[in-house]
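The values are calculated or read from the model by the stated rules, or taken from the named source; none is laboratory data. As the structure is a prediction and not an experimental result, all values here were calculated from the model. Note: ideal-geometry Cβ built from the backbone for every residue, glycine included; neighbour counts use all protein chains shown.
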Amino acid sequence: MKGFRPSRFLVVFAMSVAPAPGIAQSTNYLHDKISAYLRPYINTGNFSGSILVVESGKTLFQDSYGLSDVRSRAPNRVDTKYHIASLSMQFTAAAAMRLVEQGKLSLDTKVSAIVADVPNGQKITVRELLQEDSGLPDANDLPGYDELLNAHQTPETLVQFIRGRRPIREPGGKSESEEHSAYNLLALIIERTTGLPFKEAMRREVFAPLKMDHSGIDDDGPIEARVALGHVENGAVSLQAAPRIHWSAKTGNASVYSTIGDERRWLAGFFSNAFLSDDRRQEILGWGDGYGWTKTMNPRLKEGLLHERAITRIRVDRHLYAET
């Protein structure tokens, strides 16, 4: 991982802000700079969410904007829970790696040894699922995916959806895109390895150890306290409630909900040896594109950038972004 390191700044649910050279970086200065950067987006209704900026364990900025529910006009708050979409893959990968460290799962195990009748399952390893280079057919791109979103699902039904379909390619090599079905399958493997429902397995292996008390897996059941509901554009200047989906249809790849405070605990815990060993962490971060992470070069800072893979698509104003 030469050239790539944990961030000095942590920015949750926003684009990061780099300090201007030659200026004393007081807390007030950075707060004002971040506020000024955000103001055009806030004033035009182009940003809704919560933002937390941390440097060396010190909170520099924390605020919330917009509505958590456009129907009731409830505002977002710093304790609002958000569905974090594809960033969920990091947590699934972390749970799998915890099971590897405990000797309950092997990265070299063929998928067919745990789950039967998976396309190319006799060739695909657990490692290739995690690295997102399995070549499995991707549920998100298949006819009938909208129907999946409109009904309750389990890891087993999600895997059943791709059974009998042709793989996109042979496993191995370099990851070419997010593999949603690979992470549906990992959720099922985690269930079978632990003997627990995926929701409970994730609580035991990830959320509880890191004291992420306001995070969990949305399996279509009730969620305590405030949860932001999606919205979409309604004309040029207004918003309306987005169509509801069953988040269970995204189990393993997009079903986590969290708060900015819990996302802070996640990164602090992930980069400590108390949660995963340094060897396992480097295995995750050193791969490149996979395990829910990616690394790129920042042309402005001329330095390596390590961040969540979903940012390569979302980029500006969603979820969590870390910059060196």
## Note on the structure
The one condition T193 fails out of (1) under 19 Å from the mean Cα position of the chain (by Cα); (2) polar (S, T, N, Q); (3) assigned to a helix (DSSP H, G or I) is (1)
### Message
Among the residues in region 170-178, are any in a helix (DSSP H, G or I) and either polar (S, T, N, Q) or touching a helix residue (DSSP H, G or I) at 6+ places or on another chain (Cβ under 7 Å) (or both)?
### Response
no
### Subset of region 87-114 (residues that are assigned to a loop (DSSP other than H, G, I, E, B) and without any contact (Cβ under 8 Å) to a residue 24 or more places away in the chain)
Q102, G103, S106, L107, D108, T109
## Note on the structure
In region 242-281, anything in a loop (DSSP other than H, G, I, E, B) and over 20 Å from H152 (Cβ atoms) is listed as T259, F271, S272, N273, A274, F275, L276, S277
## Note on the structure
Checked region 221-255 for anything acidic (D, E) and either touching an Asp or Glu at 6+ places or on another chain (Cβ under 9 Å) or surrounded by 11 or more Cβ atoms within 10 Å (Cβ to Cβ) (or both); matches are E233
### Query
Across region 115-137, what is the total count of residues that are among the hydroxyl-bearing types (S, T, Y) and touching a helix residue (DSSP H, G or I) at 6+ places or on another chain (Cβ under 6 Å)?
1
### Message
Go through region 162-181 and report how many residues are of a type outside the set (S, T, Y) and within 22 Å of D220 (Cβ to Cβ).
### Response
2
### Task
Output the residues belonging to region 82-122 that are modelled with pLDDT under 95 and polar (S, T, N, Q).
S86
### Query
Based on what the data block shows, is F207 of a type in the set (F, W, Y), touching a helix residue (DSSP H, G or I) at 6+ places or on another chain (Cβ under 9 Å) and over 28 Å from K295 (Cβ atoms)?
no
### Message
Being farther than 13 Å from V159 by Cβ, surrounded by fewer than 17 Cβ atoms within 10 Å (Cβ to Cβ), over 20 Å from the mean Cα position of the chain (by Cα) and of a type in the set (V, I, T) is true for just one of T125, T109. Which residue is that?
### Response
T109
### The lone exception for S175 - which of (1) modelled with pLDDT under 95; (2) surrounded by fewer than 18 Cβ atoms within 10 Å (Cβ to Cβ); (3) under 26 Å from W247 (Cβ atoms) it fails
(2)
### Task
Using the structure shown, decide if E200 is in contact (Cβ under 8 Å) with a residue 60 or more places away in the chain and not β-branched (V, I, T).
no
### Query
Name the pairs: first residue in region 24-38 and at negative phi, second residue at pLDDT below 85 and loosely packed, with under 12 Cβ neighbours inside 10 Å, Cβ to Cβ under 7 Å, at least 6 apart or on different chains?
Y29/I23
### Task
Might you check whether a residue that is under 21 Å from the mean Cα position of the chain (by Cα), in a helix (DSSP H, G or I), among the hydrophobic types (A, V, I, L, M, F, W, C) and closer than 18 Å to S86 by Cβ occurs anywhere in region 131-148?
yes
### Query
For region 262-274, does any single residue satisfy the condition of being modelled with pLDDT of 65 or more, closer than 21 Å to S181 by Cβ and either surrounded by fewer than 18 Cβ atoms within 10 Å (Cβ to Cβ) or in contact with a Pro (Cβ under 9 Å, 6 or more places away or on another chain) (or both)?
no
### Task
Identify, by number, the condition in (1) over 24 Å from R77 (Cα atoms); (2) touching a Pro at 6+ places or on another chain (Cβ under 9 Å) that V232 doesn't meet.
(1)
### Query
What is the one condition in (1) surrounded by fewer than 20 Cβ atoms within 10 Å (Cβ to Cβ); (2) within 28 Å of G288 (Cα to Cα); (3) out of contact with any Ser or Thr (no Cβ under 7 Å at 6 or more places or on another chain) that G195 does not satisfy?
(2)
## Note on the structure
Selection from region 206-241 of residues closer than 30 Å to N273 by Cβ, in contact (Cβ under 8 Å) with a residue 40 or more places away in the chain, in a loop (DSSP other than H, G, I, E, B) and of a type in the set (A, V, I, L, M, F, W, C) yields L210, M212
